[in-house]
Amino acid sequence: MSFRDVLRIDVMRRVWYAQVISLFGDFLALFAVIVVVSFTMHGTPNQITGVQIFYMLPIVFVGPIAGVFVDRWPLKPTLVASDLIRAVLAMLLIPATSIWHVYVVLAALSCVSAFFGPAQQVTIRAHVPAPGLMSANALMQMAFMGMRVVGPATAGAIAASFGPRTCYAIDVASFIVSAALIGSVAIRRAPSAQAPAASSSNRIHAIWRDMVQGVNFIFHHAAIFFVVMAMAAGLFTIGCFGPLIAIFVRDTLHGSARLFGFVSAMVGVGLLIGTHVIRKLAARTTDDVLVLSGLAGIGAGVFLLGAVPHRVATLIAAVAIGFAFAAIMVPAQTLLQRETPHEMIGRVSSTNISVAFLAQIIGLVLSGVLADAFGVRMVFILCAGLAMAMAAGGRVFLHGSRSAKALEDVKKSRQRKGR
């Protein structure tokens, strides 16, 4: 199915519009937060890094539990309530005067987002036919990276002209519009998806049991386990790349903030191009092969970044990293949706998000330590080695899993014939 075919589905179209609008508001608010912490509160580098950590860390712990409730609760009220609660929380950024006030609000936003993300994934899987999942996930990634390209410049212009509080107000409005769009359409679960029944006398045990079921499903499904680890490796690399690229541009390339902006934007450009190309390649290439290629591509891009300290090479590497990241994220998300039973998508997708965010946080924290110890360029080369090793190991792992499954199928077939 093409992008146009997928967007003809009423639920998918409105969910996508809501995503675009909400992401635009999020980019404005996060940019404004960094501006306020940096220039108004005169935050230290650690405090500025803390903005990202407090925004991502809560979802690591809340995510797996949130997925259990997403698989139980009705989808539409969950999505709308999440948007409206986040609108109220974003409003609390307007009077923020201390760094800890900002941290608490960002952590609360992260906790609520832990419910919205999996519910959105369940909604897409329930309303988009299997042949359209690749296009649907490509559209969601395009929305994210499109905002990454245009968001910083737009946020900078609005913050400079009208102040950070205007950015916060737009974020509040974006959540309300998102809730209105989602609330205006009927959203249902797939007919085969039955919410887990919990005993009223032992609900905590039932929640724990359902959460463990989701984790066990990932560990015992070779392809899903691989793509979860692949996404984690990709986001770990992005976590290292993000904070160090500014230092690399400043100290190694002796460039300006303008060059840094171009390099950052090129990652988004690469991902936008990648989503188009990957969607077409998916028609004749399996999801796991695309993910393996994406890991190798990220390794090649980051290696070029560290090995060739030249401006043109840096721009090419940034595009390659974005393109390769699309080759991981889009087919990985599609494979998760296709292979996971409808009644477990909330738990599996939330656990996947938690693992991915944890990997990105580890990359964010380790990047500075490793850069101090080995230098920025060596960190890029180490990340390239990790991505290449994951690609090689993933290929061996998937081949072994398929061979074992084929052998098991042969044994079962012989047993049936023996009867």
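The values are calculated or read from the model by the stated rules, or taken from the named source; none is laboratory data. Remember, it's a predicted structure, so these values are computed and weren't measured experimentally. Don't worry about glycine lacking a Cβ; one is built from the backbone with ideal geometry, like all the others, and counts go over all protein chains shown.
Worth a mention:
- Which numbered condition Val227 misses (of (1) farther than 19 Å from Ile298 by Cα; (2) in contact (Cβ under 8 Å) with a residue 12 or more places away in the chain): (1)
- Taking the criterion of being surrounded by fewer than 20 Cβ atoms within 10 Å (Cβ to Cβ) and in contact with a Pro (Cβ under 7 Å, 6 or more places away or on another chain), the only residue of the range 50-75 that qualifies is Arg72.
- In this structure, Met344 qualifies as in contact (Cβ under 8 Å) with a residue 60 or more places away in the chain and farther than 22 Å from Val263 by Cβ.
- Residues of the range 252-264 satisfying the condition of being surrounded by fewer than 21 Cβ atoms within 10 Å (Cβ to Cβ), modelled with pLDDT under 85, in a helix (DSSP H, G or I) and not basic (Lys, Arg): Ala257, Leu259, Phe260, Gly261, Phe262, Ser264
- Residue check for Ser200: farther than 24 Å from Ile94 by Cβ, of a type in the set (Gly, Ala, Ser), exposed (fewer than 15 other Cβ atoms within 10 Å of the Cβ) and at pLDDT below 80: yes
- Some residue of the range 36-59 being at negative phi, β-branched (Val, Ile, Thr) and modelled with pLDDT of 90 or more: yes
- Under the condition of being surrounded by fewer than 23 Cβ atoms within 10 Å (Cβ to Cβ) and basic (Lys, Arg), the residues counted in the range 76-104 number 1.
- When Ala179 is tested against (1) assigned by TED's automatic domain parsing to the domain that holds Leu92; (2) at pLDDT below 90; (3) out of contact with any Phe, Trp or Tyr (no Cβ under 7 Å at 6 or more places or on another chain), exactly one condition is not met: (2).
- Looking across the range 314-351 at every residue that is in a helix (DSSP H, G or I) and polar (S, T, N, Q), the one that is farthest from Ala282 (Cα to Cα) is identified as Thr314.
- Lone qualifier among Leu93, Leu84, Leu109 - being touching a residue at least 24 places away in the same chain (Cβ under 8 Å), assigned to a loop (DSSP other than H, G, I, E, B) and of a type in the set (A, V, I, L, M, F, W, C): Leu93
- Filter result for His276 (surrounded by fewer than 19 Cβ atoms within 10 Å (Cβ to Cβ) and not in a helix (DSSP H, G or I)): no
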